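The values are calculated or read from the model by the stated rules, or taken from the named source; none is laboratory data. Predicted model only: the values in this text are computed from it and were never measured. In this analysis, Cβ positions are derived from the backbone assuming ideal geometry, glycine residues included, and neighbour counts consider all displayed protein chains. Surface areas here come from the heavy atoms of the whole protein model, side chains and all, with no ligands, DNA or RNA. Shrake-Rupley method; radii C 1.70, N 1.55, O 1.52, S 1.80 Å.
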Amino acid sequence: MAPPGKPVSGIRWSPWNLLLLVPLFMLITPIFNRTGPALLGMPFFYWFQFFGVAVGVAATTIVFVKTRDQPTTPPPRADSADLDVDDLDEGAGR
Amino acid sequence: MKWTELVVFTLLFGVVTVLGFVAARWRAGSTLEHLDEWGLGGRKFGSWITWFLIGGDVYTAYTFVAVPALMFSAGAAGFFALPYTVILYPIVFLPLLRLWSVSRAHGYVTPADFVRGRYGSSTLALLIAITGIVATMPYIALQLVGLEAVLRTLGLNGTGIVGHLPLLIAFVILAVYTYQSGLRAPALIAFVKDILVYVVIIVAVVYLPIKLGGWSEIFGAADEKFKATPAPGDGILLNGNNQLQYATLALGSALALFLYPHSITGVLASRGRTVIKRNMSALPAYSLLLGLLALLGYVAIAAGTKPLTNNATGDPDTNTIIPNLFEQQFPSWFAGIAFAAIGIGALVPAAIMSIAAANLWTRNIYKEYIRRDATAQDEAKQAKLASLVVKFGAVAFILFIDPQFSIDLQLIGGVMILQTLPAVAIALYTRWFHVWGLIGGWIAGMGWGMVLLYNIPSADGKRAHFGASALRLGELNLFGWHPFAGSTLQIYVGIVALLANLLVAVVVTVAARRMRVFNGLDKTDPADYHVDEDDPKLRPVATH
């Protein structure tokens, strides 16, 4: 159980996480449901969605790198002496 | 009989069999008689192993044969597999981290374990476990369909039970080394599988278009074929009716994939949060592969490939399109490698799925309802036996029931597993939903989803029920009210059922909260959702 008297946040939020929504543009089919312009003989519909793979990778990579080294929210208490290790986000000690 | 192919196939199959048995000693812990070890490989897989394992797990042999087969027969609609696997990783990135941490902190092995801990309700956990097992079983059977497509192309296309014998032999071998080595076996074999698959696909998408005159020729041939058919739904582009289906199927499939117990097994076996995060960026390499593979369906059109007739059922089997294309276009030794890639590609997911189903059975049914005092050793023993039962159940599906039934069930399974989203995924973030709300939502989503699927005929009109997962909005019927009467737009049934599920869950939750119904005890702590591998207070693996 949480140490009494210490507010523990169940959700850790970083604005970088919003980038994870970007790849959802792939669900808006009218954007890419056409043949031209073709690339290497491949209709737009197909190569555009291959391009989406790169966007997806970029989104997850940026979020990983940007949220890696610091806790995503400040720890609940400033005095680190009685800070529970569970309150620190992953990789904080690195 | 195609001897060169058969020899290459058998050799590679032999190699993975040896690996499967050796795996028991690979990075072994102090004991194999614990689910952390047998069922999760010691919870210590690093980034590379996890990449191969999850990649080998979620991109299955059935995917390899069925996605191009769908492109071959329906065109652009089959390409949903690409957006599906692109949006997948960004969507599951954050929830999977929380699931890993809370499972590591409490020693959870299955998604139902988490639900049990979060809501203190063995009933809800039982529903989740049963959904997981029922959704996984036909999925294992489909791996056999993929393996059999290859074996039949190899010339092992006998009739009756004898025709299934090669399949049976392959599966007995798989069952034995999974029994012995647990999750380590598919983890080790996944290396061979994925490397073979990458080599084959890359060679195929470079070599075949050059041979057939380039991609524009290939797309041209596909376009011509679809224009010549009377079916209105096919074509190299989507039409006005199936765009919503395309998007909702991609979304629904992405939401569902990491609710499947076998995907969760792959995630929980990893060492820490960083491993999972890295993999969310590295796994899309497989999406690229899948997209290229899908295009092989069009390559098969341009090459004039015909599906082989399955001598056991007497019907042409479109799942043989890809094996047949390789057979026609590649020198026989390389075709043998390609067949081995697909064949071994069936073994890895089948092994992980049977382990995941066995874990669910053991943890959430056997220990919960049959032997409450089971020790960790008993659990491991029970899970090993269960993995055998699950696999032979899947073989029986193929041997004694029309394979079409497995395909139908897999379609149903996707809709079913999606109904566990509120209890598993949303519960990772909030306990707002009341346990009775989740149970009510599950019943509503499951029931309505099944009714909707039952009433959808197949596109060719040959079968009246469970024909597809695309629902015409005009046919949506809410107790006699048609909210979209006359609309020909199609939507994925799973999403419709999930919306019903959420709606009922909200209504029941509000009512239950009003009446102050007891909402179970939460054994998890907010900090549990953030623990990581280097946490000094972490519980040791494979103790109690």
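The table below gives the values:
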| read-out | value |
| --- | --- |
| The range B:25-46: number of residues that are assigned to a helix (DSSP H, G or I) and surrounded by 17 or more Cβ atoms within 10 Å (Cβ to Cβ) | 4 |
| Test: B:A247 is among the hydrophobic types (A, V, I, L, M, F, W, C), within 25 Å of B:Q419 (Cβ to Cβ) and within 10 Å of chain A (Cβ to nearest Cβ) | yes |
| Qualifying residue in the range B:295-316 (condition: among the basic types (K, R), away from chain A (no Cβ under 14 Å) and either surrounded by 19 or more Cβ atoms within 10 Å (Cβ to Cβ) or not in a helix (DSSP H, G or I) (or both)) | yes |
| Residue in the range B:435-445 that is within 21 Å of the chain's Cα centre (by Cα), free of Cβ contacts under 8 Å to residues at least 12 places away in the same chain and part of a helix (DSSP H, G or I) present | no |
| Residue match in the range A:58-69 (condition: facing another protein chain (nearest Cβ under 7 Å), open to solvent by 30 Å² or more (accessible area, probe 1.4 Å), at pLDDT 90 or above and in a helix (DSSP H, G or I)) | yes |
| Pair list, Cβ under 7 Å, 6 or more apart: the range A:22-33 residue on the phi > 0 side of the Ramachandran plot, other residue modelled with pLDDT under 90 | none |
| Filter result (surrounded by 24 or more Cβ atoms within 10 Å (Cβ to Cβ) and either free of Cβ contacts under 8 Å to residues at least 40 places away in the same chain or over 24 Å from B:V7 (Cα atoms) (or both)) within the range B:140-169 | B:I140, B:A141, B:L142 |
| B:V451, sole failed condition from (1) open to solvent by 20 Å² or more (accessible area, probe 1.4 Å); (2) closer than 30 Å to B:G120 by Cα; (3) outside any loop (DSSP other than H, G, I, E, B) | (2) |
| Count - residues of the range A:20-35 that are surrounded by fewer than 19 Cβ atoms within 10 Å (Cβ to Cβ) and within 19 Å of A:T67 (Cβ to Cβ) | 2 |
| Matching entry among B:I491, B:I495 (being modelled with pLDDT of 90 or more, within 14 Å of chain A (Cβ to nearest Cβ), out of contact with any Lys or Arg (no Cβ under 6 Å at 6 or more places or on another chain) and assigned to a helix (DSSP H, G or I)) | B:I495 |
| Exclusive hit being on the phi < 0 side of the Ramachandran plot and free of Cβ contacts under 8 Å to residues at least 12 places away in the same chain, set B:W3, B:W51 | B:W3 |
| Residues of the range B:364-407 satisfying the condition of being of a type outside the set (A, V, I, L, M), over 19 Å from the mean Cα position of the chain (by Cα) and assigned to a helix (DSSP H, G or I) | B:N364, B:Y366, B:K367, B:E368, B:Y369, B:Q377, B:D378, B:E379, B:K381, B:Q382, B:K384, B:F400 |
| Selection within the range B:394-409 - open to solvent by 30 Å² or more (accessible area, probe 1.4 Å) and at pLDDT below 75 | B:I401, B:D402, B:Q404, B:F405, B:I407 |
| Among (1) of a type outside the set (V, I, T); (2) within 25 Å of the chain's Cα centre (by Cα); (3) under 30 Å from B:S469 (Cβ atoms), the one test that B:F191 misses | (3) |
| Members of the range B:507-519 that are closer than 23 Å to B:P95 by Cβ and open to solvent by less than 20 Å² (accessible area, probe 1.4 Å) | B:T509 |
| Count of the range B:527-539 residues which are facing another protein chain (nearest Cβ under 7 Å) and surrounded by 17 or more Cβ atoms within 10 Å (Cβ to Cβ) | 6 |
| Total residues in the range B:327-348, condition crowded, with 24+ Cβ neighbours inside 10 Å and either touching a His at 6+ places or on another chain (Cβ under 7 Å) or under 20 Å from B:I210 (Cα atoms) (or both) | 2 |
| Some residue of the range B:202-214 being open to solvent by less than 40 Å² (accessible area, probe 1.4 Å) and more than 14 Å from chain A (Cβ to nearest Cβ) | yes |
| Filter result (more than 11 Å from every other protein chain (Cβ to nearest Cβ) and not aliphatic (A, V, I, L, M)) within the range B:68-81 | B:P68, B:F72, B:S73, B:G78 |
| So A:G52, is it open to solvent by less than 50 Å² (accessible area, probe 1.4 Å), modelled with pLDDT of 80 or more, over 12 Å from the mean Cα position of the chain (by Cα) and within 8 Å of chain B (Cβ to nearest Cβ) | yes |
| Meets criteria (more than 11 Å from chain A (Cβ to nearest Cβ) and among the aliphatic types (A, V, I, L, M)) for B:V115 | yes |
| Conditions (1) closer than 23 Å to B:P138 by Cα; (2) more than 14 Å from chain A (Cβ to nearest Cβ); number of the one not met by B:Y84 | (2) |
